[in-house]
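Remarks on the structure that follows.
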Number of protein chains: 2
Amino acid sequence: MPPSSPLRPDPEAATQSDPLLDFDLAAFLPYRLAAAAARISRSFAERYREEFGISIPEWRVLAHLNHAGPVSVRDIEARADMEKSKVSRAVSRLEAAGYVSKAVNDDDKRLLVVQLTDAGRALLRRLLPVAMQFQAEMLSRLGPAAEGLDAGLALLLAGDGITHDTGAPHRGNAKQGF
Amino acid sequence: MPPSSPLRPDPEAATQSDPLLDFDLAAFLPYRLAAAAARISRSFAERYREEFGISIPEWRVLAHLNHAGPVSVRDIEARADMEKSKVSRAVSRLEAAGYVSKAVNDDDKRLLVVQLTDAGRALLRRLLPVAMQFQAEMLSRLGPAAEGLDAGLALLLAGDGITHDTGAPHRGNAKQGF
DNA sequence: TTGACTTTGTTGCACATGCAATGAATCTTT
DNA sequence: AAAGATTCATTGCATGTGCAACAAAGTCAA
């Protein structure tokens, strides 16, 4: 018989009290995931805002542009896991700040060609090391648990959308983390 | 010499190209965490909104009340990882819906006593099984990786705030996931 | 070619959010 | 006891968000 861990409680024990079971939010996996993500994002965003004056949606756009070269809004939407309106606004802000340029694709005039400017590339040269260091801090906090965490995330992300280099738009709606 | 994994790239290789390193957002751990959390939260929120008409902040308040009995806003703030204004508004909505009652603590009149009503308890009896099932679906998707994921989350949450039964308020600010 | 349908990006709108400011109650210090 | 500092909850405000509606461009079939 397998042991009853906090994550997988003994199904026998679950049937015990009908009146109101003692559900602990702190042990609820979706909540834990959301809370951890919110905490990490908060500190990352704070650092980026203070140091570079950009938000996370903007960071995502820049990072994707660096990786992929000139792309359309639709492309960013798929690869950076953001709604198209969010992408559109982030790109506009970045354009206003001079970090990217927007042009119309001549082959298909519905599409935008978003591209890094020299200023954008210069910003990225300062941005990327900070991101790498942030991840390094995370990994050092995680230690050997990092592999396990990442494997779990891969499974959750594999579901229908984002995987390594396999982008697809997502559906559904939810304001914030659980 | 240890192998160079995507998570821990070979430091030698990192020094290769000065112009612009090829940073892949899809492999960036903070992004992966945020994207996975967003996806899970989205589908959870959708289910709860459709079926019960409540939002995630409201769900968190209800879950904590069920676990802890009558509490103040400050208590919820700590245990449910939400800003106090968010808690205050969620509690007000729940009160308007008849699921909780608000009263003034007689010992300390600054504190609120938020309490489940009968309707609130009845709602929870319907709510909790859905949450449990949602978590079960998550676990089944994760399989053996669940333990590793949860261990990683525990380390990230241990930092300064939420742990199993050790609540503390948090600082910093960030709109959404990375 | 024309007309229906689809895709792409932007925007109006309603709503949620975080932060700072506020008012009330309590605690601390003198 | 009085004055100052602190804690708790609420709210005004600016901002970010998702969704739906929209216009422009492209596709496809008759």
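The values are calculated or read from the model by the stated rules, or taken from the named source; none is laboratory data. Quantities reported herein were computed from a predicted structural model and do not represent experimental measurements. FYI the Cβ positions are ideal-geometry reconstructions off the backbone, even for glycines, and counts take in every protein chain you see. Quick note on the areas: whole protein, heavy atoms, side chains included, nothing else; ligands and nucleic acids left out. Shrake-Rupley method; radii C 1.70, N 1.55, O 1.52, S 1.80 Å.
Coupling constants for region A:52-66 follow from the phi torsions by the Karplus curve (6.51 cos²θ - 1.76 cosθ + 1.60, θ = phi - 60°), and in residue order they are 10, x, 10, 8, 5, x, 5, 4, 4, 4, 4, 4, 5, 4, 4 Hz; glycine and proline get x. A point 7 Å from Cα along Cα→Cβ stands in for B:Phe52, and the other copies hold the same point at 3.9 nm, listed in rising order.
For B:Ala151, the point set 7 Å out from Cα toward Cβ sits 0.9 nm from its twins in the other copies, listed from shortest up.
Here region B:28-145 exposes an accessible surface that is 48 percent carbon and sulfur, computed with a 1.4 Å probe and the other protein chains kept in place. The share of alpha-carbon pairs in region B:52-119 lying farther apart than 14 Å comes to 51%. For region A:27-158, the alpha-carbon coordinates run over 51, 30, 20 Å along the three principal axes, in decreasing order. Restriction of the GluC sites (Glu not before Pro) in region A:29-115 to DSSP coil positions whose beta-carbon has at most 15 other beta-carbons within 10 angstrom yields A:Glu83. Note on A:Ser85 and A:Asp118: with the Förster distance fixed at 30 Å, the Cβ-Cβ geometry gives a FRET efficiency of about 0.60. Nearest beta carbon of chain A to the A-to-B rotation axis, with distance in whole angstrom: A:Gly148, 1.
Where in region B:141-155 does accessible area fall by at least 20 Å² between the isolated chain and the complete protein assembly, at a 1.4 Å probe radius? With the partner chains in place, region B:141-155 has these residues losing at least 20 Å²: B:Arg141, B:Leu142, B:Ala145, B:Glu147, B:Gly148, B:Leu149, B:Asp150, B:Gly152, B:Leu153, B:Leu155.
When you restrict to C-alpha pairs under 8 Å that are six or more residues apart and normalise by the size of region A:40-171, the relative contact order lands at 23 percent.
Here B:Gln133 and B:Arg93 are evaluated by their C-beta separation; at R0 = 30 Å the FRET efficiency comes out at 0.75. Using a 1.4 Å probe over protein heavy atoms, the accessible area lost on pairing B with A, summed over both chains, comes to approximately 8400 Å². Sorted from closest to farthest, the other copies place their B:Arg125 label points 6.7 nm away, with each point set 7 Å from Cα along Cα→Cβ. Per-residue mean of foreign Cβ neighbours for B:132-139 is 4 (Cβ atoms of other chains, 10 Å radius).
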